[in-house]
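Just so it is clear, none of the values below were taken in a lab; they were calculated from the coordinates. Small disclaimer: the values here were computed from a predicted structure and weren't measured. As a convention, Cβ positions derive from the backbone with ideal geometry for all residues, glycine included, and neighbour counts pool all protein chains shown.
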Amino acid sequence: MDQERIYILIKKYRDNTATAAEREELLNWYRENAYQDAEFPESEEMSGEAMLARLNRETKPAKTKPVFRWITAASAVLILGVAGLFITRMLTTDRENFPPRVAQSNIHPGGNKAILTLANGSKISLTDAGNGQIANQNGIKVTKAANGQLVYTITGRENLPGASSSTDLDAFNTIETPKGGQYQVVLPDGSKVWLNAYTSLKFPVSFNNQKERRVELSGEAYFEVAHNKDLPFRVVTTRQTVEVLGTHFDVNAYSDDAVTKTTLLQGLVRITAASRSAILNPGQQARLTGALDVNEVNTADAIAWKNGYFNFDDEKLENIMRSVSRWYNVDVVFEDQSLKKETFGAVTTRFANITTLLKMMEQTGDARFSIQGATITVSKKK
């Protein structure tokens with residue numbers, strides 16, 4: 001199916017003018033080009049009608065662009081809704097010169113993988129640990145749930161309000177996801193944290209007898225903080241501190257990224273970085289580079305990873321491949337450094353084989369990808 005036909009079908013579906021045959025044609029195209037390679041968790045599988053229903057809920061009016069020369073970001077969201085993948089970028093008029101597709105590889109997406117380091121220094125592989133209780137520290141029971149979630153539960157008398165324990169203030173756990181890993185943890189106060197790949201979170205075994213709920217983050221995590229007006233929650237990274245009372249937000253603070261991004265979905269947060277400070281309202285994102293800038297954003301883009309997909313909006317290829325490297329646990333080599341600044345828009349499930357993404361990017365840009373072992377080489381088309 002050529003690009004014009006794809007665009008027509010997307011537009012008809014969005015406008016609710018697609019016939020049953022056209023709806024099926026659209027679904028078949030997605031399945032053939034992306035869905036068949038996806039490795040979704042069982043809970044993510046959807047029937048065709050469910051895909052279309054979700055697609056209908058998540059669509060937004062398309063921006064005005066020259067027809068057939070630009071598939072909008074909104075259209076890309078449509079494709080996400082049917083569990084497929086599409087790359088959005090200015091298309092060349094020479095449609096016959098699409099490059100050969102990159103060969104299928106054995107590089108698979110990441111999954112629930114993490115290492116838990118207890119206060120006594122012992123390490124537990126959460127990837128290999130069975131479900132059920134895996135540790136008990138200072139009256140805190142640590143349990144691995146059937147859904148891959150790590151849960152901290154108060155069980156001991158020493159952790160009841162008003163009780164004291166000389167070890168509480170010094171007892172910290174650290175959960176670390178490797179490249180190709182993600183994990184979810186429920187902290188002792190009931191706050192929920194989703195960790196992206198290559199991320200580390202250090203937190204107290206208990207928040208009792210503490211003046212604040214302080215955690216240290218390296219990498220990216222999404223937080224749903226349990227409300228407690230008397231005990232502020234602070235997320236500390238190497239460059240900033242985020243303070244909240246009860247809210248939902250995402251912090252992207254990878255050490256190899258030039259920008260630290262904090263995105264607020266619900267509640268109120270204060271960002272403090274050196275002598276700079278800013279308060280975020282829902283729908284805003286703080287970007288910390290040399291300055292601290294606050295802008296309105298589409299929050300769904302910021303937490304796409306937490307919901308199981310990548311969403312790149314006019315993003316530099318260097319940044320896209322850095323995210324790909326973390327999730328698929330691969331190395332990326334640019335033969336032509338100028339390609340790092342090439343921009344793409346991309347929406348893709350995180351559960352597809354890596355070649356699904358690379359094939360589509362080859363079709364819509366100037367980059368060519370080759371895979372050797374666990375290394376992806378990016379070169380310029382000749």
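Details
- Long-range HN-HN contacts of A18 with modeled amide H, under 5 Å: Y13
- Considering every alpha-carbon pair of region 171-238, the percent of pairs per 10 Å bin, from zero through the bin containing the longest distance, is 21, 57, 20, 2.
- Taking amide H atoms as placed 1.01 Å from N in the peptide plane, the amide H of D313 lies under 5 Å from those of A346, each 5 or more residues away in sequence or on another chain.
- The dipole here belongs to region 111-302: it is taken about the Cα centre, uses +1 on the Cβ of Lys and Arg and -1 on the Cβ of Asp and Glu, and is about 220 debye.
- Charge dipole of region 111-302 about the Cα centre (unit charges at C-beta), most positive-ward option of G290, N228, S206: S206
- Ordering Q266, T241, G132 by the projection of their Cα atoms onto the charge dipole of region 111-302, which places +1 on the Cβ of Lys and Arg and -1 on the Cβ of Asp and Glu, puts G132 at the extreme positive end.
- Average Cα contact separation per residue, region 111-302, under 8 Å, 6 or more apart, as relative contact order %: 12 percent
- Here the Karplus curve 6.51 cos²θ - 1.76 cosθ + 1.60, taken at θ = phi - 60°, turns the phi angles of region 354-366 into couplings of 4, 5, 4, 5, 5, 4, 5, 5, 5, 6, 10, x, 9 Hz, with x standing for Gly and Pro.
- Convex hull volume per residue for region 111-302, taking Cα atoms only, in Å³: 117 Å³
- Bridging of K306 to lysines at a Cα separation below 20 Å is possible for K113, K144, K179, K192, K202, K261, once same-chain residues fewer than 8 apart are set aside.
- The mean sequence separation of alpha-carbon pairs under 8 Å and at least six residues apart, normalised by the residue count of region 235-381, gives a relative contact order of 15 percent.
- Here the label points at E212 and S122, each 7 Å from Cα along the C-beta direction, are separated by 3.2 nm in the simple model.
- Charge dipole (debye, nearest 20) of region 201-295; +1 at Cβ of Lys and Arg, -1 at Cβ of Asp and Glu: 280 debye
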